[in-house]
């Protein structure tokens, strides 16, 4: 067996099943899309690394005075447009409670506790509510660190979603492309040789005895 076929055997194509469903599952929970595709090792790796980063960020932004997981929240007011949440939502379901809490607060209702609740923008008097200034004051630099950790976890999961949808980039695809190009070059070369032989025959006035 030739060496050219060795990479194909060592790196077979991955069965992505339904790529759209796999991508959705990968967004819903890191590693879930890969688990659906049977890529268990990657599923465990992505879940542990990304969720570990995210949960650590939640831990940094928790405290008895402010409540748990305060770095992840959604707010879209002039004084506080929480753009970081657009990155954090990449983690999927673990960041969705922030939307529920925001919807309640935006409608003038008290959030379900302090977990991922948006900060009180105007001291509305809601029991247990804290302002953004309070979060910075009581958590200090840990609030910003927690925001970065959770945002990075969400951004990393976007890469995981792409991998679940399109599959891994590997040498197999490159080798397959090179083989097709080599075959095309061989065919072009054979055609040129045949055309040259035909031209030589026509010049000599027919085939030689």
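From the Cα gyration tensor of the stretch 30-138, with a ≥ b ≥ c the square roots of its eigenvalues, which class applies: rounded if a/c is under 1.5, or else prolate if a/b is larger than b/c, or else oblate?
Since a/c reaches 1.5 and a/b is larger than b/c, the shape of the stretch 30-138 is classed as prolate.
Give me P(r) over the stretch 38-99, computed from all C-alpha to C-alpha distances, binned every 10 Å, as integer percentages.
19, 45, 27, 8, 1
None of the figures in this text is laboratory data; all of them are computed from the coordinates on show. Nothing here was measured: the structure is a model prediction, and the numbers come from that model.
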